[in-house]
Amino acid sequence: MQTDSSNLYTALRAAFPADLDSTAIETDNGLFYTWRDLECGSAMLANFLQSLDLPAGARVAAQVDKSVEALMLYLATLRAGYVFLPFNMAYQSAEMAYFINDAEPAVVVCSAANFGWVSKLAFQAGTPWVFTLGDDRTGSLLHRAARASDQHSPATRRADDIAVIIYTSGTTGRSKGAMLTHGNMLSNALVLKDYWGWRSVQQGGDVLIHALPIFHVHGLFVAIHGALINGSKMIWLAKFDAKVVIQHLPRASVFMGVPTLYVRLLADPGLTAGVCQNMRLFISGSAPLLMDTFTAWQARTGHTILERYGMSETIMLTSNPYVGERRGGTVGLALPGVNLRVVNEQGQTVPAGEIGDIQVKGPNVFAGYWRMPEKTVQEFTADGFFKTGDVGQQSRDGYVTIVGRSKDLIISGGYNVYPAELESFINDLPGVAESAVVGVPHPDFGEVGVAVVVPRAGVVLDAMQILAQLKASLANYKVPKQCFVVPDLPRNAMGKVQKSLLRAQYAP
Ligand code: MLC
Ligand code: AMP
């Protein structure tokens, strides 16, 4: 077998336990997948993809429900040396049209229910292959791959070859594709393996409850790479459900979630110290964890949540320590290999405790935005640091606290919502003069959007109708939870809309 240590799959595969017939994944609908199933299933899909004779660097896009076969498609794309593009199932046709036209994937995989509109978009954009994949082991992809060999040697890939493109929305409303390399992901997975004290099979092994979606950095990389590179079993939940998580906790040792998951678990009386007694580690990230949640979790379960910070462009950047003080309200220390600094407007590093922009450098930092060289240059400093868009401070002993964002972004239940995208959509609706979308605190999602809309002279706008129009066109989680029609927006002397005033006004 040809081996190339820079193909991420090769490194993940090398960590599989010696007993390939032991369970790698147990699903919430009673299925058991062995390590051999992962190896052979992804080999078949990789062989099938390669039989399509795709050009070098071809993109394989997937907008599918969470399933182990979807994970195998990801692994197969890595093995075959193509570039994987995961998409949220909530995206509707206008959003998918943008992504498909921008990324020009050679293969698109979608659900059978969406095949009609997705295949139309893809064929119009010149994609030659569209397959379906269901969450119940059905679909043309598996059907076509069924005759492929289950033996496959990972394609030779360099550490700086692109493995995945993750689309993030841009502040202009135009989404940018962050290109992550095999090297970015492997270096980060190896750092986290040590940092979070993952236990080898010889040490009794870890069992991860996987309850997150698999189209983002958190569920796809931090969780899945974490389990695979440690040869650890996953309990695989199709969707987060507090009761189902609690039912599985006694057999697990690691859980990862966005803060909303912790809030929902705490709301269930079934969460007790007893059900958590075999747990080793609870990790939170993707959005700020409130101090209340941190302390309530400690009081109820006896465990201290480990909060970490990262982003699509960088994977993980900082983490509270596994051994040592997990300081609530902070995102911990820069991970080994990550160079993190807090700078002022002139780009000078500020003293400990002072607030500034967070910039980072390291082997985990992405290779740039897909087909946006100017945007990529803008987002890096002359000395090669990436501007995260997060605002924070670092204590004398290195703990980082995030206090805000210089980017206009709402993080709702761990999903990013860009006000500029919503505002441009609302401003195009008939009768709208202008609008502003702001984030306000929310007990479940942490933060949600509120739209404030000004009608054109003489027009009467219906707030509910505006929300209905947004819902008909955009992913559901982006739709503001409330809409207000007002005569005008507050502006400063420069004529800029004062979003801070709107936030304060609509927070209640
Ligand atoms: C769902 N809804 C949301 C929402 N999720 N609204 C705002 N924000 C959200 N995040 C709304 C839907 O629009 C719908 O409204 C209603 O809730 C029910 O939808 P659902 O899909 O059934 O919701 P639910 O299953 O309860 O989902 C909630 C959730 C989910 C918290 C489980 O949002 C989730 O999995 N979030 C995790 C996101 C994540 O993995 N982020 C990682 C990013 S990586 P209606 O009105 O249409 O009925 C990253 C980097 C890093 O940030 O550091 O990790
Ligand atoms: P994404 O683009 O989806 O990867 O989101 C990345 C952003 O999520 C970061 O730039 C931060 O603003 C935010 N984020 C991630 N983890 C945390 C955290 N622990 N606390 C606060 N914000 C976080």
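For Ala504, the conditions (1) exposed (fewer than 13 other Cβ atoms within 10 Å of the Cβ); (2) among the small types (Gly, Ala, Ser); (3) at pLDDT below 95 are fulfilled apart from (3).
Just wondering, is there one or more residues in region 471-484 that are touching a Pro at 6+ places or on another chain (Cβ under 7 Å) and at pLDDT 95 or above? Before the answer, list the steps.
Our first condition is that a residue be touching a Pro at 6+ places or on another chain (Cβ under 7 Å); within region 471-484, this holds for none.
Looking through region 471-484, none of the residues is touching a Pro at 6+ places or on another chain (Cβ under 7 Å) and at pLDDT 95 or above.
Put simply, of Leu271, Leu208, Leu281, Leu228 the only residue that is closer than 24 Å to Leu8 by Cβ, in contact with a Lys or Arg (Cβ under 8 Å, 6 or more places away or on another chain) and not acidic (Asp, Glu) is Leu208. A single entry from Ser169, Ser187, Ser175 fulfils the requirement of being among the hydroxyl-bearing types (Ser, Thr, Tyr) and more than 14 Å from ligand 2 (Cβ to nearest atom): Ser187. Consider region 183-205 and keep the residues that are among the charged types (D, E, K, R) and not in a loop (DSSP other than H, G, I, E, B). The one that is nearest to Ala14 (Cα to Cα) is Lys193. Among the residues here, Asp357 qualifies as of a type outside the set (A, V, I, L, M, F, W, C), within 16 Å of ligand 2 (Cβ to nearest atom) and more than 30 Å from Ala94 (Cβ to Cβ). Scan region 31-59 residue by residue and report those that are among the basic types (Lys, Arg) and either surrounded by 19 or more Cβ atoms within 10 Å (Cβ to Cβ) or under 10 Å from Ala148 (Cα atoms) (or both). If the condition is that a residue be among the basic types (Lys, Arg) and either surrounded by 19 or more Cβ atoms within 10 Å (Cβ to Cβ) or under 10 Å from Ala148 (Cα atoms) (or both), then Arg59 is the only one that fits. Scanning region 408-464 for residues that are within 16 Å of ligand 2 (Cβ to nearest atom) and on the phi > 0 side of the Ramachandran plot yields Gly413, Gly414, Gly446.
Taken as a whole, the condition of being within 16 Å of ligand 2 (Cβ to nearest atom), assigned to a helix (DSSP H, G or I) and either buried (at least 21 other Cβ atoms within 10 Å of the Cβ) or among the hydrophobic types (A, V, I, L, M, F, W, C) (or both) applies to Phe99.
Does Glu379 satisfy the criteria of being under 18 Å from Ser406 (Cβ atoms) and under 21 Å from the mean Cα position of the chain (by Cα)? First the steps, then the outcome.
Working: under 18 Å from Ser406 (Cβ atoms): yes; under 21 Å from the mean Cα position of the chain (by Cα): yes.
Considered against the rule, which asks whether it is under 18 Å from Ser406 (Cβ atoms) and under 21 Å from the mean Cα position of the chain (by Cα), Glu379 comes out as yes.
Where strands (runs of 3 or more DSSP E) fall wholly inside region 356-432, the ranges with 3 or more residues that are within 16 Å of ligand 1 (Cβ to nearest atom) are 386-394, 400-405, 410-412, 415-417.
I'd like to check something: does region 265-279 contain any residue that is in contact (Cβ under 8 Å) with a residue 40 or more places away in the chain, touching a helix residue (DSSP H, G or I) at 6+ places or on another chain (Cβ under 6 Å) and on the phi < 0 side of the Ramachandran plot? Explain how you work it out, then say what you get.
Pass one, region 265-279, residues in contact (Cβ under 8 Å) with a residue 40 or more places away in the chain: none.
No, the conditions are met nowhere in region 265-279.
A count restricted to region 433-481 and to residues that are exposed (fewer than 15 other Cβ atoms within 10 Å of the Cβ) and acidic (Asp, Glu) stands at 2. Looking at region 229-271 only, could you name the residues that are within 16 Å of ligand 2 (Cβ to nearest atom) and either out of contact with any Pro (no Cβ under 9 Å at 6 or more places or on another chain) or of a type in the set (Phe, Trp, Tyr) (or both)? Those that are within 16 Å of ligand 2 (Cβ to nearest atom) and either out of contact with any Pro (no Cβ under 9 Å at 6 or more places or on another chain) or of a type in the set (Phe, Trp, Tyr) (or both): Phe255, Met256, Gly257, Val258, Thr260, Leu261, Tyr262.
Taking the conditions exactly as written (over 17 Å from the mean Cα position of the chain (by Cα), within 16 Å of ligand 1 (Cβ to nearest atom) and at pLDDT 95 or above), does Asp194 satisfy them or not? Spelling it out, it is not the case that Asp194 is over 17 Å from the mean Cα position of the chain (by Cα), within 16 Å of ligand 1 (Cβ to nearest atom) and at pLDDT 95 or above.
Residues that are among the aromatic types (Phe, Trp, Tyr), under 22 Å from Met72 (Cα atoms) and touching a Lys or Arg at 6+ places or on another chain (Cβ under 9 Å) within region 82-129 comprise Tyr82, Phe84, listed in sequence order.
The values are calculated or read from the model by the stated rules, or taken from the named source; none is laboratory data. Quantities reported herein were computed from a predicted structural model and do not represent experimental measurements. Please note: Cβ atoms are built from the backbone with ideal geometry, for glycine as well, and neighbour counts cover all protein chains shown.
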